[in-house]
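Heads up, the thing below is written out as structure tokens.
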Amino acid sequence: MTFGGLALGVGMIVDAAIVVLENSFRHMEHHGKDRMTASIDGSEEVWSAILASILTHIAVFVPLLFLEGISSIMFRQLSVVVVFSLLMSLFVAVTLVPVLCSRLLVLPPPPERRSAAGRALFGLSERFLNGMDNGYTRLLNLALGHRGIVVGAAAASVVVAVIVGRTLPTEIATQADEGQVSVNIELAQGTRIEVTDPVLQRVEAAIGQLVPEATDVITNAGGGGGYGPPGGGNVNRGQLQILLKPKDERTRSSDQIAQELRRQLSGIPGVIVRANASGGNNQMNRFLSGGNNGGGRLSLEIRGDDLDGARKVAQAAKDLLDSTPGVADSRLGRDDGRPELAIQVDRAKAALLGVNTTTVANTLRTNVAGTQAALFRQGGQEYPIIVRLKEDQRQAVSDVNDVLVSTPQGTVVQAKNLMRVADSLGPSQIQRKNQQRIAYVSAEPEATLSDTVAAVNARLPQIHGLLPKDFSIGFGAEVEQQAKAFDQLRTVLLLALVLVYAVMASQYESLKDPFIIMFSVPTAAIGVVMALKLTSTSFNMQAYIGIIMLAGIVVSNGILLVDYTNVLRRRDGLPLREAVVQAGRTRLRPILMTSIATGLGLVPMSLGIGEGSELQVPLARVVIGGLTTSLLITLVLVPTVYTLFEEVFSNPFRRARKSGAIEA
């Protein structure tokens, strides 16, 4: 995220320098001042504006430093990087840039001293820029004559943004394509590793045909086994890790490949096959989403104390997920008991022979599972020497009964004389959350998470009738963490708006001017939702951070307009509307330059170039979209609202003060 902060700040940190440089150049070009005087006057004129602008940028990142949980892990480092880079940009803009302007800034040569190509290019650019200034002046005069329409259109854009925003899919974080796919297989409990391994080889061969994009396949059969304590590991399971070609060398994403593998490998008898895109960011997302026992992004949590009742409800929930379109790889979070041989030692008989339970258990372990007796060293390598019965002497249950147990008297006795052997199921796992028993049913969404949740939620009433007394069912994993993260970020957004307003109020020593500038914030909403809608991007935590950033970025344009309007009215004594139009015309170019610089700095991030880059894409697209529409609307809306407050809302108070003075 620190690199994301650097990429994010590339366009923002030059904004203050652009404003100082443009204003100094304007003083030289239009007022005929020398470089030193133009640099001093130009930087002094915009000092308060760029200070307020940078401080509002910083204000929106300060609350992010105090986030907790997932949001803190994701965005605290980003905030620190951006805050310090903005502080340094402010320092450079008010110290180094004026000094360089006083030494290096020069006016362009007169037309007669330019080459033919230079004259043509300069004339073309001047005509374009002057035409843009004149066109904006006419548009601003038109807007000031129809202020109700302007305010109504801005309000309508916010309403449209709210309506369209409700249709956007949501998730906690974008699923990145990191060029890896994980395939997990599961056979019936109690299946031996000798059976699991051929199945994995069959799946590996199928992957070679189904995934031509694969470069390597890493296979891991079972999670244990061999010698050691009875039970070993999950030898009925295996995993295949598929490494893919770089993203720009294939047409399918890792998620599309995973979905295709689910469909093609689901027909192997007696084998459950699950496939999902993997990699560092995907694993981090699964960890951040709560790490439920099933491991899926979508999880149902069944809360209740009765284990049998929970198992029945969990199975019903799994059946519901299996029949829901867009849901794949449903599984129970609690495994069935594993078949095993339960051995119960007859303590009375064993005591008569002087044998204890530990002796019987260790003897059985050595004969069946094996015990390391020594190490064989050769050529710098060590090989464990395992002592146990031959393969054909430990295959059947009767072989366990025939194991010979030594007694302290030096005699041996068959194990069946000291114990009873019976078929049994291994202990089942009991999970708790907040000190309450819970069972998980998890799955992988094949559509966006919000659409899948809506589809499952619409069918959940079918299970409510099966719930025993004191049982409840709800969503967990990523859905639960998303709700918590969004609640936190919503609070941060409100706090950021308050801080932005407070910073501007303290800077201007006024409550009215910051309130006028804040009208530029809602206008970014239509750009945000349209950028996400047109690019088919989901709304997630990164997009939320982009909205919080916009609260501090979009006010910069309004600050430049309102600040210079106040300067023209106070310093030059211009009438209200003339000052508004003149300020808009003068500040149009620096506003365009700073906004375009910020937007262009985010373009590479918004394109999602490279593996894993999808994580930062929503943030960049949100900022670009919101900044674009806010720029276009703010250039008209802020001057319009400024005149409304000065001419309409302020007059009653002024008349009241005047009448009070006459009566006195």
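Annotations for the structure displayed:
- Any pair with Cβ under 6 angstrom, 6 or more apart, that starts in segment 509-532 at a residue that is closer than 15 Å to Leu619 by Cα and touching a residue at least 40 places away in the same chain (Cβ under 8 Å) and ends at one that is assigned to a helix (DSSP H, G or I) and of a type in the set (Ser, Thr, Tyr): Ala524/Ser630; Gly527/Thr628; Gly527/Thr629
- Single match in Ser398, Ser442 (criterion: over 30 Å from Ser299 (Cα atoms) and either surrounded by fewer than 16 Cβ atoms within 10 Å (Cβ to Cβ) or among the hydroxyl-bearing types (Ser, Thr, Tyr) (or both)): Ser398
- The residues listed here are Gly280, Gly296, Gly270; of these, the one that is buried (at least 21 other Cβ atoms within 10 Å of the Cβ), modelled with pLDDT under 85 and not polar (S, T, N, Q) is Gly296.
- Any hit, segment 616-631, residues being at pLDDT below 85 and closer than 25 Å to Arg490 by Cβ: yes
- Of the numbered criteria (1) of a type outside the set (S, T, N, Q); (2) open to solvent by 80 Å² or more (accessible area, probe 1.4 Å); (3) in contact (Cβ under 8 Å) with a residue 40 or more places away in the chain, the one Ala369 fails is (2).
- Across segment 200-220, the qualifying residues are those that are part of a helix (DSSP H, G or I) and in contact with a helix residue (DSSP H, G or I) (Cβ under 8 Å, 6 or more places away or on another chain), and the one among them that is surrounded by the most Cβ atoms within 10 Å (Cβ to Cβ) is Val203.
Okay, residues lined up against (1) open to solvent by less than 30 Å² (accessible area, probe 1.4 Å); (2) of a type in the set (S, T, N, Q); (3) part of a helix (DSSP H, G or I):
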site	(1), (2), (3)
Leu499	no, no, yes
Ile517	yes, no, yes
Ala543	yes, no, yes
Ile547	no, no, yes
Leu550	yes, no, yes
Arg577	no, no, yes
Gln582	no, yes, yes
Thr586	yes, yes, yes
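- Taken together, Val62, Val14, Val81, Val10 contain a single residue that is at pLDDT below 80 and open to solvent by 10 Å² or more (accessible area, probe 1.4 Å), which is Val10.
- Flag if Ala120 is under 28 Å from Ser53 (Cβ atoms) and part of a helix (DSSP H, G or I): no
- Restricted to segment 464-483, and to residues there that are in contact with a strand residue (DSSP E or B) (Cβ under 6 Å, 6 or more places away or on another chain) and surrounded by 17 or more Cβ atoms within 10 Å (Cβ to Cβ), the residue that is nearest to Leu320 (Cα to Cα) is Ile473.
- Selection within segment 419-439 - open to solvent by less than 60 Å² (accessible area, probe 1.4 Å) and in contact with a strand residue (DSSP E or B) (Cβ under 6 Å, 6 or more places away or on another chain): Met419, Val421, Ala422, Ser424, Gly426, Gln431, Ile438, Ala439
- Qualifying residue in segment 320-329 (condition: of a type in the set (D, E, K, R), in contact (Cβ under 8 Å) with a residue 40 or more places away in the chain, open to solvent by less than 30 Å² (accessible area, probe 1.4 Å) and assigned to a strand (DSSP E or B)): yes
- Scanning segment 588-613 for residues that are open to solvent by less than 30 Å² (accessible area, probe 1.4 Å) and under 30 Å from Asp248 (Cα atoms) returns Ala597, Thr598, Gly599, Gly601, Leu602, Met605, Ser606, Gly608, Gly612, Ser613.
- Those residues of segment 338-349 which are touching a strand residue (DSSP E or B) at 6+ places or on another chain (Cβ under 8 Å) and more than 30 Å from Gln189 (Cβ to Cβ), in sequence order: none
- Per the conditions (1) under 20 Å from Ser556 (Cα atoms); (2) out of contact with any helix residue (DSSP H, G or I) (no Cβ under 8 Å at 6 or more places or on another chain), the sole criterion not satisfied by Phe61 is (2).
- Of all residues in segment 437-491, those satisfying the criterion of being under 29 Å from Ala258 (Cα atoms) and hydroxyl-bearing (Ser, Thr, Tyr) are Tyr440, Ser442, Thr448, Ser450, Thr452.
- Matching entry among Val162, Val158 (being out of contact with any Lys or Arg (no Cβ under 6 Å at 6 or more places or on another chain), of a type outside the set (Lys, Arg), outside any loop (DSSP other than H, G, I, E, B) and open to solvent by 60 Å² or more (accessible area, probe 1.4 Å)): Val162
- For segment 166-199, taking the residues that are of a type in the set (S, T, N, Q) and either without any contact (Cβ under 8 Å) to a residue 12 or more places away in the chain or assigned to a loop (DSSP other than H, G, I, E, B) (or both), the one that is most open to solvent (accessible area, probe 1.4 Å) is identified as Thr167.
The values are calculated or read from the model by the stated rules, or taken from the named source; none is laboratory data. Note that this is a predicted model, so its numbers are computed, not measured. Glycine gets a Cβ as well: all are built from the backbone with ideal geometry, and neighbour counts include every protein chain shown. For the accessible areas, the whole protein counts, side chains as well, though only heavy atoms, and no ligand, DNA or RNA atoms are used. Shrake-Rupley method; radii C 1.70, N 1.55, O 1.52, S 1.80 Å.
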